[in-house]
1. Within region 17-36, is even one residue over 22 Å from residue 107 (Cβ atoms) and under 9 Å from the mean Cα position of the chain (by Cα)?
2. Considering only region 1-60, state which residues are within 19 Å of residue 99 (Cβ to Cβ), touching a residue at least 24 places away in the same chain (Cβ under 8 Å), part of a loop (DSSP other than H, G, I, E, B) and hydroxyl-bearing (Ser, Thr, Tyr).
3. Cβ-Cβ below 9 Å, separation at least six or inter-chain, first residue in region 63-75 and on the phi < 0 side of the Ramachandran plot, second acidic (Asp, Glu) and exposed (fewer than 15 other Cβ atoms within 10 Å of the Cβ): which pairs?
4. Based on this model, can you work out whether residue 119 counts as small (Gly, Ala, Ser), at pLDDT below 65 and part of a loop (DSSP other than H, G, I, E, B)?
5. Mind listing just one residue for me: the one in region 37-70 that is within 18 Å of residue 83 (Cβ to Cβ) and over 11 Å from the mean Cα position of the chain (by Cα) and, of those, surrounded by the most Cβ atoms within 10 Å (Cβ to Cβ)?
6. Would you check which residues across region 4-28 are modelled with pLDDT under 95 and within 19 Å of residue 65 (Cβ to Cβ) and list them?
7. Residue check, residue 80 against (1) surrounded by 15 or more Cβ atoms within 10 Å (Cβ to Cβ); (2) part of a helix (DSSP H, G or I), all met but one. Which one?
Amino acid sequence: MTICYDLRFPALYRALAESGASFLTVPSAFTRKTGEAHWHTLLRARAIENGCFVFAAAQGGMHENKRETYGHSLIVAPWGEVLAEGGTEPGVFMARIDPAKVEAARKAVPSLQHGRRFSVADPKGGPEHLHLVRGSA
């Protein structure tokens, strides 16, 4: 399980997938503005990058403190398809999940198989300083 701010750190989700996670959960309270701009894109990217299902419950609507949250809870499949989406009002929705789709997505996408990790030898250097981390495939 992760939380909304974690969504901006793809390495966390890769580590979870490499540790065997097939399902990622991201309960969130994105503001309306950032939710409209980033919510769907980031959730779909995390599903695609890792060949995982993503379950993202999200608060929506206007709150007592005048904070407005985006809502739009999502269930995303490993290829990035949105299987179910909520709105801003409270509710329940479901989707049929086939765990075999995780393995199929991971086999079909070479980047999910090679396990390569990269590091920057000189943070101020250019792309020529990008190297494989020792011990990775």
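1. yes
2. 22
3. So the pair list comes out as 70/36.
4. Numbers: small (Gly, Ala, Ser): yes; at pLDDT below 65: yes; part of a loop (DSSP other than H, G, I, E, B): no.
In short, no.
5. 58
6. Within region 4-28, 4, 5 meet the criteria.
7. (2)
The values are calculated or read from the model by the stated rules, or taken from the named source; none is laboratory data. Everything quoted here is computed from the prediction, not taken from an experiment. Cβ: placed from backbone, ideal geometry, glycine included. Neighbour counts: every protein chain shown.
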